[in-house]
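The values are calculated or read from the model by the stated rules, or taken from the named source; none is laboratory data. The structure displayed is predicted, hence computed values, not measured ones. Cβ placement follows ideal geometry from the backbone for every residue including glycine, while neighbour counts extend to all protein chains displayed.
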Amino acid sequence: MIKLMIAVNSKQEGNELFDYLEKKEDITIVGVEYNGKRAYERIISLKPDVVLMNMILPELDGLGIMERLMSNLDMPRLPRIIVISSVDNPSIMDCACQAGADYYIMKPYQLETVYNRIMQLQITFQNERKGRMLLRDYGSVQKLDNSEEVNDGYLETEVTNVMRKIGIPAHIKGYQYIRTGIIMAVHDIAILNYITKLLYPSIAAQYDTTASSVERAIRHAIGIAWTRGDKKVLNDIFGYTVAMERGKPTNSEFIAQIADRYRLHYNIKMHA
């Protein structure tokens, strides 16, 4: 049974969604809210699987709700979020997806379409969780592509040192997740092509958490580094990204940039 919460700014829309979706045998509606701040509080307490949400809400808008959810590391996992909006603006859509939206539905919409998207997202989530048990065990990988051995103890020390220089606090969860992700990427850089399907779940399995929690914690740690970290070290590692002030890197960009430095180091060492 899918636990669904609805957060919209119109009682008419809320009633229409509720009346249609409550009849579905595989959905139970845990709440309908018309206020963004209240909706966020209910998401925290009720832990729905899926949230249907308008972008424009009183007190706290949709982006604000998603930003708070992303930064709340106490949540075991995030709900799937479907944004319903009348704003046909690619920039707003991109912002919503960056903030954590899984799907964006434009008004006017068919109620059947909403139901189908709920089911598709939940099936995807269930498959991801099942897939965790089938993932490659990166803890046992000890070689690069050219079959030369990597000293993982040395690598872990080096990665730890660079993260401290960057300014990521060692006590936050993202610190451990990033370090593990960098070491995985040094062994196999291709894993970053499957960051959602492979890297996050692999890290989650090691730390007994969820892929969404790993993603949020890494993003949170990068945010801290970008606002409070050593700008000189950041510039040395990420160069143009800092210089052009185009914003902090994505999780995959951050991990790839550091991992590439160590892959290069090992290749030079092996060919010396």
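Just a few scattered comments:
- Residues in segment 21-49 that are under 14 Å from R68 (Cβ atoms) and among the charged types (D, E, K, R): K37, R38, E41, R42.
- Screening K232 on (1) under 18 Å from R164 (Cβ atoms); (2) at pLDDT 85 or above; (3) surrounded by fewer than 19 Cβ atoms within 10 Å (Cβ to Cβ) shows it passes everything except condition (2).
- Looking only at segment 55-81, and only at residues there that are within 23 Å of N116 (Cα to Cα) and in contact with a helix residue (DSSP H, G or I) (Cβ under 6 Å, 6 or more places away or on another chain), the one that is modelled with the lowest pLDDT: R77
- Test set (1) among the charged types (D, E, K, R); (2) modelled with pLDDT of 85 or more; (3) more than 23 Å from the chain's Cα centre (by Cα) - E149 fails condition number: (2)
Table: residues versus (1) surrounded by 15 or more Cβ atoms within 10 Å (Cβ to Cβ); (2) under 22 Å from N251 (Cα atoms); (3) of a type in the set (A, V, I, L, M).
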residue	(1), (2), (3)
L21	yes, no, yes
V30	yes, no, yes
I43	yes, no, yes
P48	yes, no, no
I65	yes, yes, yes
N72	no, yes, no
N89	no, no, no
Y115	yes, no, no
L121	yes, no, yes
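- Pair list, Cβ under 9 Å, 6 or more apart: segment 27-51 residue free of Cβ contacts under 8 Å to residues at least 24 places away in the same chain, other residue surrounded by 20 or more Cβ atoms within 10 Å (Cβ to Cβ) and small (G, A, S): R38/A7
- Some residue of segment 52-64 being polar (S, T, N, Q), in contact (Cβ under 8 Å) with a residue 40 or more places away in the chain and touching an Asp or Glu at 6+ places or on another chain (Cβ under 9 Å): yes
- Selected residue [of a type in the set (S, T, N, Q), modelled with pLDDT of 85 or more, more than 20 Å from T210 (Cβ to Cβ) and in the same structural domain as I56 (by TED's automatic domain parsing)] from S91, S85: S85
- Residue in segment 180-195 that is assigned by TED's automatic domain parsing to the domain that holds G229, surrounded by fewer than 20 Cβ atoms within 10 Å (Cβ to Cβ), among the hydroxyl-bearing types (S, T, Y) and part of a helix (DSSP H, G or I) present: yes
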